[in-house]
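What follows is a set of notes on a single structure, which appears directly below.
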Amino acid sequence: MRVVVLYNQVSAAANEADRDVLVQAEAVEAALRQLGHEPISLECTLRLDELKDRLSSLRPEVVFNLVESLGGSDWLAHAAAGLFDVLQIPYTGSRSEALMISNDKLLTKRLLRLAGLPTPDWIVPTSGQLFSGGEDTLGRTPAEGGSFLHPTTVWTTERESVLPHQAGRSETTPSEGLFLIKMVREHASIGLDDGAVVQVQSAAQLQSALSEAAHRLGRPVFAERFVEGREFNLSVLAGPNGPEVLPPAEIDFSAFPPEKVRIVGYAAKWEEGSFEYHHTPRRFDFPPSDAPLLERLKQLALACWELFHLGGYARVDFRVDPAGQPWILEINTNPCLAPDAGFAAAVAEAGLTYAQAIDRIVQDALHRHRKMQPTPSDAAGSQAPAPDRETSLLPPGYQFRDQPRPEDRQAVREIVRSTGFFNPAEIEVADELVRERLQAGPASGYYFLFLEHQGQVIGYGCYGPIAATAGSFDLYWIAVHRQRQGRGLGRAILQECERRIQQAGGQRIYIETSGRAQYEPTRQFYQRCGYQCEARLKDFYAPGDDKLIYVKLLGTQ
């Protein structure tokens, strides 16, 4: 297969951050050759007309898009992807819309906050400075006092009535404390050093710091409340069963002296002779006590993937405060693919080779392109649903089975136990449902769907019709073995259960779950899959443990 490896033009005077794209292009080209493809490296400039002609002559089957900037600005990186859209050429990574949004840190933060996802509070300059008063208008409403906060526009938890995410009250006033000054549309940690973290006592001081930074950097800037604590990077890689969250990585700041600000700035990434470069290693080993936090980070990374409609590969950066609350810092839709970078390290930690990761990125690009093309039935106006991605693309060795076997009782017990969510009595209930099905068959009212990998049961779903209803079904259980989670398998099982329920005449699916904080990832999973919470029964399971009932109308999103 002919693959154009497209990268942005790099000048002779470029810094280490800009030159890194050449390292990525070389590594990707080598991996593509190893996979048996025909790679052709091509430089991209602002002359998109020339690029269009070149692509027309080369006729690639896919473009591996490594364009990180154009004309010296990250803000234009999406332009090349827009050209691929116009030419209808498959290309790797996220689509042009996601690239444009994620390259604007302020727009990214607004969408995160509006979606109820945790991101630190931020402040932007107002009229008379780099931004006008209308720069930050998306979703704004007057503060409780009846007017906007001036002279600086502040997005904070003081507006909990208009922001879905409630991050908790701060003991400081909105414009007091530690803030990190960032450029709005530039990446690679440009401009980030110890001086970017400022301690202010008032809005006026922060406004002054923003003005100075904007003048010095020559770019739009904003201030983000600095989260002191741990820093994590979670890489996400597309796969045949949907996005897979690779092993989480934490930046180790233990060698930093107490007075030094703990950030991964420009020096830590690009200046090989610096203290920061040699004392910010990543680690993948965590104690068992971190398991709930890591699971929460994985769920948030997947939520970002879905919210921004990402593709191919991505990285989500987090800070975790001393209370254990994660905060989303940035979403990187085109993280560095150099062999010594964090994404490649996470790939290796997941047990994949670099070439395997590149192959998955390419295959995802081709698959997404095929899904967007009209089929003959589309042209004829057919309304037949397309096969579910997770079902139709189960890789070799994966398969569904719907007839229970005696040995499934032990498999179900192990799967449910491995999740860490259920107590011994609940594990017994899961086993009992399998036993009843084995004894009574369909008359039991319990139907099972087992997902097997190379003959081993790694996940399952249990559902059944609700007596005395017309088309209502209960989904009793859905679980994936802990070692297989984060690969989209739970969604694959759920979608296949939904398909079979619909074939059986089902119109609505009901799911019951706990309201405890431990089940927050579970509830978010159902919501992302189109389920809505219709009822809450207070103290149903135990005092303080409510029962939440979710429902989905089949045929809706």
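Since every read-out is calculated from the coordinates, none of them should be taken as a lab result. Just so we're clear, the structure is a prediction, and the values are computed from it rather than from any experiment. All Cβ positions, even for glycine, are placed from backbone atoms using ideal geometry, and neighbour counts span all protein chains on display.
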At His215 and His279, where each label point lies 7 Å from the Cα along Cα→Cβ, what is the point-to-point distance in nanometres?
3.3
Determine, at each q value in 0.10, 0.12 (inverse angstroms), the log₁₀ of I(q)/I(0) that the Debye formula gives when each Cα of region 2-92 is one equal point scatterer.
-0.23, -0.34
Taking amide hydrogens as modeled 1.01 Å from N in the peptide plane, which residues meet the under 5 Å criterion relative to Leu70, leaving out close sequence neighbours?
Leu76, Ala77
For the pairs Lys105/Lys260; Lys371/Lys547; Lys52/Lys182; Lys109/Lys547; Lys105/Lys547; Lys109/Lys298, note any where the Cα-Cα span goes beyond 28 Å.
Lys371/Lys547; Lys52/Lys182; Lys109/Lys547; Lys105/Lys547
Would you mind computing, in nm to one decimal, how far apart the modelled labels at Ala470 and Gln502 are, each placed 7 Å from Cα along Cα→Cβ?
2.1
The extension gain from Ala12 to Ala443, computed as 0.36 nm times the residue separation minus the Cα-Cα distance, is 147.7 nm
Between the modelled labels at Arg59 and Gln88 (7 Å from Cα along Cα→Cβ) the distance in nm is 1.6
If I stretch the segment between Leu46 and Asn423 completely, what's the gain in nm (0.36 nm per residue apart, minus their alpha carbon distance), one decimal?
129.8 nm
For region 298-307, Karplus couplings with θ = phi - 60° (6.51, -1.76, 1.60), whole Hz, Gly/Pro x:
4, 5, 5, 4, 5, 5, 5, 4, 6, 4
Under 19 Å Cα to Cα from Lys538, which aspartates and glutamates show up? Leave out anything in the same chain fewer than 8 places away.
Glu512, Glu520, Asp546
Please compute the length gained on full extension between Asp252 and Ser289, using 0.36 nm multiplied by the number of residues separating them and subtracting their Cα-Cα distance.
11.6 nm
